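Reviewing the structure listed below.
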Amino acid sequence: MNPRRAAPRRGRPRDEDRAARRDALLEAAMRQFLAHGYGATTIEEVAATARVAKRTIYTTIGDKSDLFVAVVRRLGDRAVDPTTADGRDAADSLHAFGVRLVRLMLSDEAVGLHRLVIAEATNFPDLAARLYTNGAQRYIGVLRDLLAELPDDQLLLPARATPDEHGRQAEALFTQLLGEWHRRRLFGLDPAPGDQEIDAHVSRTVRRFVR
């Protein structure tokens, strides 16, 4: 008599499958947005490309603007998520996040989405605001928190730096990390940089803020 086969565990695989389907959907949506622009992309086209029902998009993500924001956040997760669990000290975490951030912001996908929103900002101002909140503002918040974790004697900041000062320094650091490199990428003048270039640039930039 064969032993009775144990019932499969359904909880976690189901969650993983759901996450994989969502990731595939957002990848398909990003490709549609980049290929056709925001205004010309439709939920129907995204659903057909991702091989899901329109209703699935509406119930799991929302309307087209929600879908675009989800695409932006998914892209940003490449830089943000590892920061909370990399086990590094604050200075190393700051450098590591800077590298991931620059790599992300100068990638073809991020540059393409940035161009898209600039082109559509007049027609869809709420979209531009949501992109900023879920993009640049999100990354500046991470930089602010990492700067706040550093000992005062490591920071090139006024004594007893306040949270507001950390916020201002984070904005300045974010701006310098992107710099003219980002503008040239937006104009299509430069290719995406390599990892060694990015690492050296982040090291030089962070040294202007951290001893």
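The values are calculated or read from the model by the stated rules, or taken from the named source; none is laboratory data. Computed from a prediction, not measured in an experiment: that's the story for all the values here. Using ideal geometry, Cβ is built from the backbone for each residue, glycine included, and neighbour counts are taken over all protein chains shown. With ligands, DNA and RNA removed, areas are computed over all heavy atoms of the protein, side chains included. Shrake-Rupley method; radii C 1.70, N 1.55, O 1.52, S 1.80 Å.
Over the chain, DSSP H runs of length four or greater, each weighted -39,500 (n - 2.57), average out per residue to a 222 nm ellipticity of -22500 deg cm²/dmol. Entry comment: accessible area of the chain is 59 Å² per residue, from protein heavy atoms only and a probe of 1.4 Å. Placing unit charges on the Cβ atoms only, positive for Lys and Arg and negative for Asp and Glu, gives the chain a dipole magnitude near 900 debye about its Cα centre.
The candidates T59, T205, T133, arranged from most to least accessible area with a 1.4 Å probe in the full protein assembly, appear as T59, T133, T205.
Between the residues F97, G179, F209, the greatest Cα displacement towards the positive end of the dipole of the chain, with unit charges on the Cβ of Lys, Arg, Asp and Glu, is found for F97. Across the chain, Cα-Cα pairs more than 25 Å apart make up 48 percent of the total. To the nearest 10, the accessible area of R208 is 140 Å² with a 1.4 Å probe. Each peptide in 93-105, 42-54, 142-154 was scored by the mean count of other Cβ atoms within 10 Å over its residues; highest first, the order is 93-105, 142-154, 42-54.
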